[in-house]
Amino acid sequence: ASQLMQSYMLACVSSCGIAVSLNKLAQNASRFGPTMSRFISSFVPYTAVAGAGMINLFFLRRGEAKTGIEVFDDEGNVYGKSQKAGAMAVKQTCISRALLPIAPCLFPPWMVMALKAMGRFPTTRFGGVMFESISCVICLSLGISASIAAFPQTGRVDVKYLEEEFRDIVDKDGNKLANLCYNKGV
């Protein structure tokens, strides 16, 4: 529970720090014009959410890189714990966490900016809110699927990239294993 709370607090503090810093940067970008300032401002939520997600994940799962995670063959036979596979799993999940907020945090504001620039954005308050809400739901639905699909749940790695102890493992038929699998986690 203590590690969970620490990870959560670090993620919150870093997210706020990122948001405040980038908002200052966006304010300074006003000299490039209001369109560029709005464009730069649209990256603030994405960067804060992605940063918080990656920091939280890293601090929650950093032990997997230290102690290792189980590696197994295609039939599910476990051959031990690999620190390198643990580091790969954490890295891949961090990348997925960075990809996750792209669609819901970036695309809706960009669509609104584009439609406003073309004079096509709904003119009523209700129409604007409906457009933004629907675009967020669609982008969130597509974004979650895409970010989770970026890496398979069960990773496969050539044994030459794992610790020495896994390089000469043979299966039950005496065949040397070229690859082992690991569970990436979410």
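The values are calculated or read from the model by the stated rules, or taken from the named source; none is laboratory data. Quick caveat: nothing in here was measured; it's all calculated off a predicted structure. Reconstructed Cβ throughout: ideal geometry from the backbone, glycine too, with neighbour counts over all protein chains shown. With ligands, DNA and RNA removed, areas are computed over all heavy atoms of the protein, side chains included. Shrake-Rupley method; radii C 1.70, N 1.55, O 1.52, S 1.80 Å.
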Original post:
If you take the beta carbon distance between ALA29 and LEU142 as r and set R0 to 25 Å, what does 1/(1 + (r/R0)^6) give as a FRET efficiency, to the nearest 0.05?
Top reply: 0.30
**OP:** Could you tell me the accessible area of LYS84 in Å² (1.4 Å probe, neighbours in place), rounded to the nearest ten?
**Re:** 90 Å²
Original post:
Which net charge results when you count Lys and Arg as +1 and Asp and Glu as -1 among the other residues whose beta-carbon is under 14 Å from that of ARG31?
Top reply: +2
Subject >> Accessible area per residue, Å², the chain with all protein chains present, probe 1.4 Å >> reply: 61 Å²
Original post:
What percent do you get for the relative contact order of the chain when only Cα pairs under 8 Å and 6+ apart count?
Top reply: 21 percent
Original post:
Size of segment 36-131 along its principal axes in angstrom, Cα-based, largest extent first?
Top reply: 62, 29, 20
Original post:
Lys/Arg Cβ at +1, Asp/Glu Cβ at -1, dipole of the chain taken about the Cα centre: which of TYR161, LEU22, ALA150 is farthest positive-ward?
Top reply: LEU22
**OP:** Heads up, I need the accessible area for LEU106: 1.4 angstrom probe, whole protein in place, Å², nearest 10.
**Re:** 10 Å²
Subject >> Entries of LYS116/LYS184; LYS84/LYS172; LYS24/LYS91 with Cα pairs more than 32 Å apart >> reply: LYS116/LYS184
Original post:
Under a straight-distance cross-link criterion of Cα-Cα below 17 Å, which aspartates and glutamates are reachable from LYS176, leaving out those fewer than 8 residues away in the same chain?
Top reply: ASP73, ASP74, GLU75, ASP158, GLU163, GLU164, GLU165, ASP168
**OP:** From largest accessible area down, sort SER82, SER14; use a 1.4 Å probe on the protein chains.
**Re:** SER14, SER82
